[in-house]
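Structure, as structure tokens:
The values are calculated or read from the model by the stated rules, or taken from the named source; none is laboratory data. All values reported here derive from a predicted model rather than from experimental measurement. Every residue, glycine as well, gets a Cβ built from its backbone with ideal geometry; the counts of neighbours run over all protein chains shown.
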Amino acid sequence: MSLNKKSVDDFNAKGRRVLVRCDFNVPLKNGEITDETRIVAALPTINKLIADGAKVILCSHLGKVKNGPNEGESLAPVAKRLSEKLGKEVTFVADYSVTGDAATKAVAYMKEGDVVLLQNTRFRGEEETKPQKAGEAFAKELADLADDYVCDAFGSAHRAHASVAVVTKFITEKGGTNAVGYLMQKEIDFLGNAVENPVRPFVAILGGAKVADKLNVIDNLLEKADTLIIGGGMAFTFLKAQGKEIGKSLVDNEKIDYCKEMMAKAEKLGKKLLLPVDTGIAAGFPDPIDGPIDVTYVDSNAIPADMEGLDIGPKTQELFADAVKSAKTVVWNGPMGVFENPTLAKGTIAVAKALAETDATTIIGGGDSAAACNQLGFADKMSHISTGGGASLEFLEGKELPGVYAADDK
Ligand code: 3PG
Ligand code: MG
């Protein structure tokens with residue numbers, strides 16, 4: 001996969017209408033943005049284009065838009081927050097047709113350095129159409145508004161949608177440039193290149209609830225990494241595959257054979273595969289999730305039949321931290337236990353702390369592990385925290401992401 005893409009530094013945007021696809025799919029509660037990470041992450045590219053004297057036309061999806069356009073999934077709150085962050089007015093085109101007359105007029109009025117935000121791209125159902133025939137018409141409408149295109153929507157880069165991947169064809173047809181933004185570039189550098197071509201030793205840490213969600217990630221990282229560490233709920237399926245009693249712990253019985261295969265593969269490739277040697281157990285899952293819970297620690301082969309494993313134990317914390325200490329590159333995706341509960345967050349905190357203390361390049365896949373780093377206060381200690389959940393997982397699977405692929409090669 002070619003990851004050597006044209007960036008915003010590789011073309012002259014002065015006076016050009018530049019369509020920028022961002023991932024402004026931020027969480028909202030009662031119309032208020034509860035986490036602005038993705039907006040903040042998009043600012044460097046937007047500011048660079050403003051400084052260059054481009055006419056900056058932003059677009060993004062928000063939410064799933066299952067039942068057609070609606071105010072609850074309008075990008076209006078994003079326009080407001082973005083204006084505050086940029087310190088300049090962002091003209092929001094609230095029109096549900098996204099690319100209609102209102103958008104065309106707003107763009108026609110733009111001066112150099114102006115910023116326009118279009119409405120939620122998923123308000124046009126064609127955004128997600130597969131195959132992309134219908135999507136092509138919408139993609140062309142988007143391209144008609146602009147001269148060049150910049151994709152900075154890493155969180156959406158695994159979606160072959162009109163505004164993410166199809167639009168580039170029409171920009172190319174009119175002789176424009178398709179580049180990646182700074183956020184995309186950073187994600188490519190860390191998640192793409194670091195995994196494809198890591199400084200070794202390369203340690204990968206995987207956690208989270210289900211083996212089924214990470215089948216291809218495990219498979220790919222076993223090949224790329226020197227050491228693969230598995231913790232969290234998914235470790236119990238591996239432990240069961242080793243013939244251990246795991247009590248009432250989370251298990252995916254259909255994936256036992258897969259786990260056996262992966263352990264055999266590790267052995268054949270001479271890779272270290274580390275599993276929890278001890279486990280924090282309780283009578284059941286905490287309810288509420290952050291409520292008080294009585295936890296004891298036992299060796300991983302001594303989990304009583306009526307107990308449930310909910311975190312890694314202290315010996316495992318040390319084992320995993322040791323592996324991280326000697327690493328030069330570490331990738332981490334998925335918590336080690338029920339980190340939302342203070343008593344069961346110890347394993348996840350220990351891993352976050354080990355990453356914070358190592359000199360290695362530390363890369364956090366998005367989703368829960370990013371949330372854990374933020375929530376536990378380790379975010380600024382990591383080399384890179386991905387803004388993508390699904391997209392970062394597909395990168396770790398070694399897949400070609402449509403949104404990356406679509407940009408022009410250098
Ligand atoms: C995300 O938050 O996962 C991205 O913005 C992509 O959104 P989607 O999963 O709804 O396609
Ligand atoms: Mg998603």
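Annotations for the structure displayed:
- Members of the stretch 11-26 found to be away from ligand 1 (no atom under 15 Å from the Cβ) and surrounded by fewer than 23 Cβ atoms within 10 Å (Cβ to Cβ), listed by number: 11, 12, 14, 15, 16, 17
- The lone exception for residue 368 - which of (1) farther than 20 Å from residue 193 by Cβ; (2) touching a Ser or Thr at 6+ places or on another chain (Cβ under 6 Å); (3) in contact (Cβ under 8 Å) with a residue 40 or more places away in the chain; (4) not basic (Lys, Arg) it fails: (2)
- Identity of the residue in the stretch 355-410, in contact with a strand residue (DSSP E or B) (Cβ under 8 Å, 6 or more places away or on another chain) and within 14 Å of ligand 1 (Cβ to nearest atom), that ends up nearest to residue 217 (Cα to Cα): 393
- Of the residues making up the stretch 362-381, those that are crowded, with 19+ Cβ neighbours inside 10 Å and either more than 16 Å from ligand 2 (Cβ to nearest atom) or acidic (Asp, Glu) (or both) are 362, 363, 364, 368, 372, 373, 378.
- Residue under evaluation residue 29, criteria (1) within 16 Å of ligand 1 (Cβ to nearest atom); (2) closer than 14 Å to residue 152 by Cβ, criterion not met: (2)
- Yes/no for residue 194 being within 23 Å of the chain's Cα centre (by Cα), surrounded by fewer than 24 Cβ atoms within 10 Å (Cβ to Cβ), modelled with pLDDT under 95 and of a type in the set (A, V, I, L, M): yes
- Residues of the stretch 129-169 satisfying the condition of being among the β-branched types (Val, Ile, Thr), closer than 22 Å to residue 101 by Cβ and at pLDDT below 95: none
- The stretch 53-103, residues that are of a type in the set (Asp, Glu) and in contact (Cβ under 8 Å) with a residue 24 or more places away in the chain: 73, 89, 95
- Candidates 165, 146, 179, 137, filtered to the one that is crowded, with 24+ Cβ neighbours inside 10 Å and assigned to a helix (DSSP H, G or I): 165
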